[in-house]
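The values are calculated or read from the model by the stated rules, or taken from the named source; none is laboratory data. The shown structure was predicted, so the numbers you read here are calculated from the model rather than taken from an experiment. FYI the Cβ positions are ideal-geometry reconstructions off the backbone, even for glycines, and counts take in every protein chain you see.
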Amino acid sequence: MNKQPLKIVETVLRDGHQSLAATRMRISDMLPMLEKLDAAGFYALEAWGGATFDACLRFLDEDPWERLRTLKKHLPKTPIQMLLRGQNVLGYNHYADDIVTEFVKRSVDNGVSIIRIFDALNDTRNLECAMRAAKEAGAHVQGCIVYTISPYHQDSDFVKLGQELVEIGADSICIKDMAGLLRPYTAEKLVRSLKAAIDLPIDLHTHFTSGMGDMTYLKAVEAGVDIIDTALSPFAEATSQPCTESMLATLDGTDRAPQIELATLHEIADHFKKVKAALAQDFKLNTNISIDPKVLTFQIPGGMLSNLLHQMEEMGTADKYPLLLEEMPRVRAELGYPPLVTPTSQIIASMSVLNVILGRYKMIPREVKDLILGKYGRTPAPIAPEVQKLAIGDTPRIDHRPADDIPPQLEKFRQQLAEAGYPQASIEDVLSYAIFPEVALNFFKKYR
Ligand code: CO
């Protein structure tokens, strides 16, 4: 049994505000507390990647690379952790290996020490390139098991996936429960199974969305999990992580107590409480988000459900919303039970909306066809044959690694950027442009 102190990854600088404040936290909001966060004793500070890169360029007039360098300067001790979408890097499509490799290298050079890498379909072929690059760059590589519930996802499947991650070079394994679906006793069993089969640290990342997150962590801790991800109180709970301070208090005095002084966190939390209020005001955000146990039935994160309802209201089709709730699980099953995380969550949701408004599979978006063609990788279960026929006819599905079909892209993007008036662009700028071309160009027009 694990008697080591539990390690804590603090997420206030990334997932906390991505979940509760539309990823709008600015570097100026972070700066006053970085030295104190650095001294607190966290295993890592999750501070980059995910949606922060896009949000920096699109909404905050910040260069994400500059943000990373600034963070590193003020966090000399505690490792900076980032979240990477495997072959999608931080975007929504597959990129060529040269882009993935260079992006990972530059991330490490600019300050990232731990890279958490996931693939929406749990297809490890989509992780190999990023993991290899991260290893070569000297980072700690964390491979993800994206957690989901379906007839095709048993504990044994997750353990097998974990073992594959070990084989391709993971230094630790993360159970990534993005929608808060992992129940406490299920977590206990899953962690025990993984600990029995895998000799690497196991990290559990959950969200409080369904209201069970802290119980899930407690059972996982009892089962020997090595690391959990929590957020300081102002950016905790609801659709974010369970609360850092509460978890510390819970474990105080036990042999798993993390080596962090609870009292040192109050001042930091007080600061971020003000930040949250400022973000709500400056960006007109609704930060009054509550838990939503409906996610347990529909598997769609709460925020996404309210967005979809809003879209349907705008189209004058809100009366079809109850049908949508039934349609989404059906579409997910027909499309091979993908876990619902970026980008598969958006793909399943848009197909479901079209089905209830226009009739089932009357109009099929390109992304759905690509998913069926295998261009995102292997789906956990087979595609329903009648849906496959409607979407792609007799076109054969690909069974190789999707990125094998993508020729190198870096030089092409460098050239495009030169033609757009930036021949001296840094490699970081070329990468920003490669992932978010229009948004990056708008940013360069103002600041380069
Ligand atoms: Co998360």
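Quick look at the numbers
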item: Candidate set: segment 385-415, residues that are buried (at least 17 other Cβ atoms within 10 Å of the Cβ) and over 26 Å from the mean Cα position of the chain (by Cα); chosen: the one farthest from N88 (Cα to Cα); result: V387
item: Selected residue [surrounded by 23 or more Cβ atoms within 10 Å (Cβ to Cβ), under 21 Å from E46 (Cβ atoms) and touching a residue at least 12 places away in the same chain (Cβ under 8 Å)] from T209, T287, T264; result: T209
item: Strands (runs of 3 or more DSSP E) completely within segment 1-88 that count 1 or more residues being in contact with a Pro (Cβ under 8 Å, 6 or more places away or on another chain) and surrounded by fewer than 22 Cβ atoms within 10 Å (Cβ to Cβ); result: 7-10
item: Of all residues in segment 342-356 being part of a helix (DSSP H, G or I) and of a type in the set (S, T, N, Q), the one that is farthest from C144 (Cα to Cα); result: N355
item: Residue that is touching a residue at least 12 places away in the same chain (Cβ under 8 Å), farther than 26 Å from R125 by Cβ and among the small types (G, A, S), where the choices are A384, A434, A420, A403; result: A420
item: Filter result for T216 (within 16 Å of the ligand (Cβ to nearest atom), touching an Asp or Glu at 6+ places or on another chain (Cβ under 7 Å) and either modelled with pLDDT of 95 or more or not in a helix (DSSP H, G or I) (or both)); result: no
item: Any hit, segment 235-248, residues being modelled with pLDDT of 95 or more, of a type in the set (F, W, Y) and either over 30 Å from C144 (Cβ atoms) or crowded, with 22+ Cβ neighbours inside 10 Å (or both); result: yes
item: Residue list for segment 277-317, restricted to those being of a type in the set (D, E) and assigned to a loop (DSSP other than H, G, I, E, B); result: D292
item: Residue check, L75 away from the ligand (no atom under 16 Å from the Cβ) and over 21 Å from V341 (Cα atoms); result: yes
item: Check on L305, at pLDDT 90 or above and of a type outside the set (K, R); result: no
item: Residue within segment 153-173 that is under 17 Å from the mean Cα position of the chain (by Cα), touching a residue at least 24 places away in the same chain (Cβ under 8 Å) and closer than 25 Å to E334 by Cα present; result: no
item: Only one of K273, K320 that is basic (K, R) and touching a Ser or Thr at 6+ places or on another chain (Cβ under 8 Å); result: K273
